Amino acid sequence: MVVKVDETYVLRFGLPRTADPVFAVSCQPGAQLIQFTAEVASGKVKAGDGVALSLAAGKRRLELAASAFRGSAEGKVVVEAAVALDGRVLDLFSDADNLVVRLPGATETYPLAGAKSKLPDFRRVCLTAMPAPADRR
């Protein structure tokens with residue numbers, strides 16, 4: 001689902017019959033940022049660690065520097081990474097059936113079927129709310 005909180009738009013990925021999202025992408029058009037958040041098995045990562053995060057879907061891959069935080073369940077961590085807002089980053093979600101999230105000691109796979117229907121709306125609100133090029137200084 002796509003939700004708006006203040007000046008942030010969030011695309012939340014959840015597994016069927018679960019209340020909390022397992023993965024979320026949020027954009028802040030005014031700040032020109034897009035943030036990825038995932039709750040995954042902790043593996044070798046502890047809360048407070050800096051970690052290499054890899055997102056892959058089909059032939060597309062995005063490598064990010066992320067921070068780890070305590071997850072909501074035992075054996076889980078939440079990892080967060082932010083990059084400059086760019087439409088090409090959102091292309092990661094459009095061409096494949098699954099998103100693979102990797103970090104040291106853990107790999108999670110999330111189906112993208114439900115998210116694909118919301119991606120055009122998410123892309124529109126994130127990219128059309130961006131300041132015009134002359135305003136970006």
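On the basis of being of a type outside the set (Phe, Trp, Tyr), on the phi > 0 side of the Ramachandran plot and free of Cβ contacts under 8 Å to residues at least 24 places away in the same chain, does Gly48 make the cut? Against the criterion (of a type outside the set (Phe, Trp, Tyr), on the phi > 0 side of the Ramachandran plot and free of Cβ contacts under 8 Å to residues at least 24 places away in the same chain), Gly48 qualifies.
Looking only at residues of segment 52-62 that are touching a strand residue (DSSP E or B) at 6+ places or on another chain (Cβ under 8 Å) and over 15 Å from Ala106 (Cα atoms), we find that the one that is most open to solvent (accessible area, probe 1.4 Å) is Arg61.
Per the conditions (1) touching a residue at least 40 places away in the same chain (Cβ under 8 Å); (2) under 18 Å from Leu11 (Cβ atoms); (3) open to solvent by 30 Å² or more (accessible area, probe 1.4 Å), the sole criterion not satisfied by Arg123 is (1). Taking the numbered list (1) part of a strand (DSSP E or B); (2) small (Gly, Ala, Ser); (3) more than 20 Å from Thr128 (Cβ to Cβ) in turn, Ser26 passes all entries but (3). In summary, Asp97 fulfils each of the numbered conditions (1) acidic (Asp, Glu); (2) more than 18 Å from Ala115 (Cβ to Cβ); (3) touching a Leu at 6+ places or on another chain (Cβ under 9 Å) with the single exception of condition (2).
For segment 33-51, give me the residue count where each residue is open to solvent by 20 Å² or more (accessible area, probe 1.4 Å) and more than 13 Å from the chain's Cα centre (by Cα). Break it down stepwise before answering.
Taking segment 33-51 first, the residues open to solvent by 20 Å² or more (accessible area, probe 1.4 Å) are 33, 35, 37, 39, 41-44, 46-50.
From the residues that got through so far, the ones that are more than 13 Å from the chain's Cα centre (by Cα) too are 41-44, 46-50.
Total satisfying the criteria: 9.
When restricted to residues that are over 21 Å from Cys27 (Cα atoms), loosely packed, with under 14 Cβ neighbours inside 10 Å and basic (Lys, Arg), segment 63-100 contains 1. Pairs meeting the criteria (first residue in segment 87-107 and at pLDDT below 90, second residue among the small types (Gly, Ala, Ser) and surrounded by fewer than 19 Cβ atoms within 10 Å (Cβ to Cβ), beta carbons under 6 Å, at least 6 apart or on different chains) are Asp95/Gly58; Ala96/Gly58; Gly105/Gly43; Ala106/Ala41; Ala106/Gly43.
Is there a residue being in a loop (DSSP other than H, G, I, E, B), within 25 Å of Lys116 (Cα to Cα) and open to solvent by 20 Å² or more (accessible area, probe 1.4 Å) anywhere in segment 6-13? Spell out how you get there, then give the answer.
The initial filter retains those residues of segment 6-13 that are in a loop (DSSP other than H, G, I, E, B), namely 6-7.
Right, trim to within 25 Å of Lys116 (Cα to Cα) and you get 6-7.
When the remaining residues are screened for being open to solvent by 20 Å² or more (accessible area, probe 1.4 Å), the result is 6-7.
Yes, segment 6-13 contains at least one residue that is in a loop (DSSP other than H, G, I, E, B), within 25 Å of Lys116 (Cα to Cα) and open to solvent by 20 Å² or more (accessible area, probe 1.4 Å).
Among the residues of segment 43-66, are any under 18 Å from Asp121 (Cα atoms) and of a type outside the set (Phe, Trp, Tyr)? Within segment 43-66, none of the residues are under 18 Å from Asp121 (Cα atoms) and of a type outside the set (Phe, Trp, Tyr).
The values are calculated or read from the model by the stated rules, or taken from the named source; none is laboratory data. Just so you know, these numbers come straight off a predicted model, no measurement behind them. Using ideal geometry, Cβ is built from the backbone for each residue, glycine included, and neighbour counts are taken over all protein chains shown. Only protein heavy atoms, including side chains, enter the accessible area calculation; ligands, DNA and RNA are left aside. Shrake-Rupley method; radii C 1.70, N 1.55, O 1.52, S 1.80 Å.
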